[in-house]
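Let me begin by presenting the structure, written as structure tokens, before commenting on it.
Derivation of every value follows stated rules applied to the coordinates shown; laboratory data play no part. What you see is a predicted model; the values in this text were computed from it and never measured. Reconstructed Cβ throughout: ideal geometry from the backbone, glycine too, with neighbour counts over all protein chains shown.
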Amino acid sequence: MKQNELTPDSVNTILGPETLFEGNVHFNGSIRIDGKITGSLEGKGNAEIGANGTIKGDITVKNLYIAGTILGNVNSSGKVEVLSSATVIGDISAASIQVSDGAAIEGRIFSISEERKNAVLEKKEATEIPAK
């Protein structure tokens with residue numbers, strides 16, 4: 001297990017491998033998905049998509065560890081880790097993104113922290129020449 005993966009003791013909610021959930025999931029704390037969700041996943045904490053987990057919908061979380069399949073866009077305020085068994089069809093946006101060899105991604109990747117983005121925008125505004 002990697003240092004930053006969720007451990008069974010740190011997970012508040014588990015969606016088991018024989019579970020299909022249709023609808024949007026909102027959570028606090030942390031969640032592990034080993035089943036299937038058709039709908040969005042949104043939370044303030046961490047999420048882990050197990051090797052047999054599938055999400056058909058957008059994901060918005062703090063940190064995300066992907067070993068399964070995501071068919072939708074990912075938005076993370078922290079880190080996204082895409083493991084070698086993962087497939088993501090959709091865009092990934094996070095402050096930090098790590099992709100292992102063998103992972104499959106079809107989509108765009110955006111990796112920039114809010115602080116860095118704001119600094120770049122401020123610098124750009126400061127160097128623009130006003131229109132006459």
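Relative to the dominant Cα principal axis of the chain, helix 114-127 is inclined by about 20°. Annotation: amide H of Gly39 within the under-5 Å range of Gly23, Lys56, Gly57, sequence separation 5 or more or interchain, hydrogens built in the peptide plane. Derived scalar couplings between HN and Hα for the stretch 49-61 equal 9, x, 4, 9, x, 9, 10, 10, x, 7, 10, 10, 8 Hz in order, rounded to whole Hz, by the Karplus curve 6.51 cos²θ - 1.76 cosθ + 1.60 (θ = phi - 60°), x for Gly and Pro.
Residues whose amide H falls under 5 Å from that of Phe110, counting only those 5 or more places apart or on a different chain, are Ile92, Ser93, Ala94, with hydrogens built in the peptide plane. Relative protection proxy for 118-129, 72-83, from highest mean packing down: 72-83, 118-129 (other beta-carbon atoms within 10 angstrom). For the chain, a Gaussian network of Cα nodes joined below 10 Å ranks Ala47, Ala67, Ala103 by mean-square fluctuation, and the top entry is Ala103.
Compute the FRET efficiency between Ser84 and Glu115 as 1/(1 + (r/R0)^6), taking r as their Cβ-Cβ distance and R0 = 41 Å, and round to the nearest 0.05. Could the numbers behind the result be given before it?
Details: r = 30 Å, r/R0 = 0.74.
FRET efficiency, Ser84 to Glu115: 0.85.
The string of couplings for the stretch 99-111 from the Karplus curve (6.51, -1.76, 1.60, θ = phi - 60°) is 10, 7, 4, x, 5, 10, 9, 10, x, 8, 10, 10, 10 Hz, one whole number per residue in order, with x for Gly and Pro. For Phe27, the residues 5 or more places off, or on other chains, whose built amide H falls under 5 Å of its own are Glu42, Gly43, Lys44. Summing charges over all other residues whose Cβ lies under 11 Å from the Cβ of Lys36, with Lys and Arg as +1 and Asp and Glu as -1, gives -2.
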